[in-house]
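To keep things clear, I will list the structure first and then write my remarks on it.
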Amino acid sequence: MSCIVVESRNELERLMDGLPPHPRPLSRKGRGEDLLSRSRQSLRYLPLLLLFAATTNSSAAEPTGRFKIDPRLQPLPAAAPAPADNPTTSEKVALGKQLFFDPRLSGGNTMSCASCHKPDRYFADGIDWNKGEKGVTLVRNTQSCVNVGFYDSYFWDGRAASLEEQALIPIETDVEMNQPLGELERELNAIPGYVEQFQKVFGEKPSRATVGKALAAYQRSLVGGPSKYDRFLLGEESALSASAKRGLALFQGEAGCIKCHNGPLLSDGQFHRMGVSEEDLGRAKWTEREEDRFMFRTPSLRNVAETAPYMHHGLFNSLDRVLAFYYNGKPTESTDGLRLEAPDLLHRPLEDTDDLLEFLKALSSEPAEFTPPELPPGSNNGSKTAAVGRP
Ligand code: HEC
Ligand code: HEC
């Protein structure tokens, strides 16, 4: 079997040939290729070999008895915690939902949060870089809003400390929704349906602070249902396939993924320099600290199979590509001598990635049923009318 490993490694390296050597910046070319699944073609006889090994050698059979789960892995709680000054109520969530889907929150009344965070894509968008209202292309991949209530910092670089604070940033950023917050307050106060609801929920008229609170409450309500993985953690042994269980064993064992992908979100909420790219300064962009250069927050792996493309800049368009990145061997330093933290898995057999992939797929919850909100009628200056429902 070892010769198969070597062959597939060579195959992978050959396929990776078109890409610049590590450390990247990986150029945008060479994307769109499912490297590992192509290299896996050469492994198509592997299951037969394994079957043969399993039937002839009992030590290769599935381990029996209770699978030992690392205590750093936990199921997702049913509800996200809310801060004391913004308790979650159903009226507030309903108001936040309307705001999330209302294009009147943008400068030109054409773009809502849901233009990029799409309900049928686990509140991500399925593309590498989206565009703001003015047509300017962003440089980071849209994050999913499902389960965001469990993080304690926001954005790829952690520059927002709460969902309340985060929500106002895309609204006023000119390359996103391009709406000055004073103008936002003026517009919302001219819509009687909103004024009435803000009074009811907050006891005051629409303001930037209450808009942030309502949007935060809505996003805290976006909690995914239990995945196969959660059911397994809660004791349902058969919820994971044999391959996914081997993937979990690797994830918490030899592959070392658990070092950063742990806790209910499978994210430690910390910042790491993985060496995916040196084009974006990451956390150092706002901390301005040398040691934060190229650092990004560990992303949650929940629903990860549904939210391609991957990494802060959407560089990899399949999980196979992400796994190829981890299994392709790494330098230990960035070009300017900073320590890189991606695990070096060059010594591991490439077949690991089949099981890791099965495990990652088991982290998805069923897509939640979605009903678009009804938006309060009203127009501004008689010319701008809001589209009702899904953008
Ligand atoms: C033009 C596309 C676009 C629009 C519109 C948009 N977002 Fe985002 N969103 C993004 C991108 C891109 C990121 C990642 C940005 C970064 O890390 O710098 C992001 C990140 C986030 C995050 C952080 C998630 C995490 O895991 O830390 C939240 C929460 C969020 N957006 C909510 C909203 C809300 C609420 C609105 C509307 C007020 C909104 N977004 C409008 C593209 C968009
Ligand atoms: C040292 C910490 C660390 C370890 C160990 C680690 N990761 Fe990651 N992982 C990260 C960070 C940080 C990112 C985001 C990097 C970026 O965007 O530049 C990431 C990104 C990912 C993504 C992309 C998710 C998305 O939504 O874009 C996947 C999938 C992933 N890791 C899986 C794994 C697997 C599988 C392993 C084990 C083989 C692993 N990771 C090991 C920190 C780690």
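Annotations for the structure displayed:
- Near the amide H of G282, within less than 5 Å, lie the amide hydrogens of F294, all on another chain or at least 5 residues away, with H placed in the peptide plane.
- The Rg/Rh ratio for the range 278-342, using Cα coordinates for both the radius of gyration and the Kirkwood hydrodynamic radius, is 0.99.
- Taking the range 234-332 and dividing mean pair separation by its residue count, relative contact order in percent (alpha carbons under 8 Å, at least six apart): 18 percent
- Length available on full extension from V136 to K259: 0.36 nm per residue minus the Cα-Cα distance, which gives 40.6 nm.
- Compared with the direct C-alpha span, the chain from E290 to R339 gains 16.4 nm at full extension, assuming 0.36 nm per residue.
- Put a dot 7 Å past the Cα of I69, heading toward its Cβ, do the same for A242, and the two dots end up 2.2 nm apart.
- The range 253-290: trypsin sites (Lys or Arg not before Pro) in DSSP loop, at most 10 other beta carbons within 10 Å: R289
- Qualifying GluC sites (Glu not before Pro) in the range 159-209, where qualification requires a DSSP coil assignment and no more than 15 other C-beta atoms within 10 Å, comprise E204.
- Ranked by the mean number of other Cβ atoms within 10 Å of their residues, highest first, the peptides 261-268, 127-134 fall in the order 261-268, 127-134.
- For the range 172-289, relative contact order (Cα pairs under 8 Å, six or more residues apart, normalised by length) works out to 9 percent.
- Sorted fewest first by neighbouring Cβ atoms within 10 angstrom, R186, R297, R348 come out as R186, R348, R297.
- From the largest down, the range 62-217 spans 65, 38, 27 angstrom on the principal axes of its Cα atoms.
- Cross-linked pairs K200/K228; K131/K200; K92/K118; K131/K228: Cα-Cα separations exceed 28 Å for K200/K228; K131/K200; K131/K228.
Each reported figure results from applying straightforward, stated rules to the coordinates on display, with no laboratory input. Computed from a prediction, not measured in an experiment: that's the story for all the values here. We place every Cβ from the backbone using ideal geometry, glycine too, and count neighbours over all the protein chains shown.
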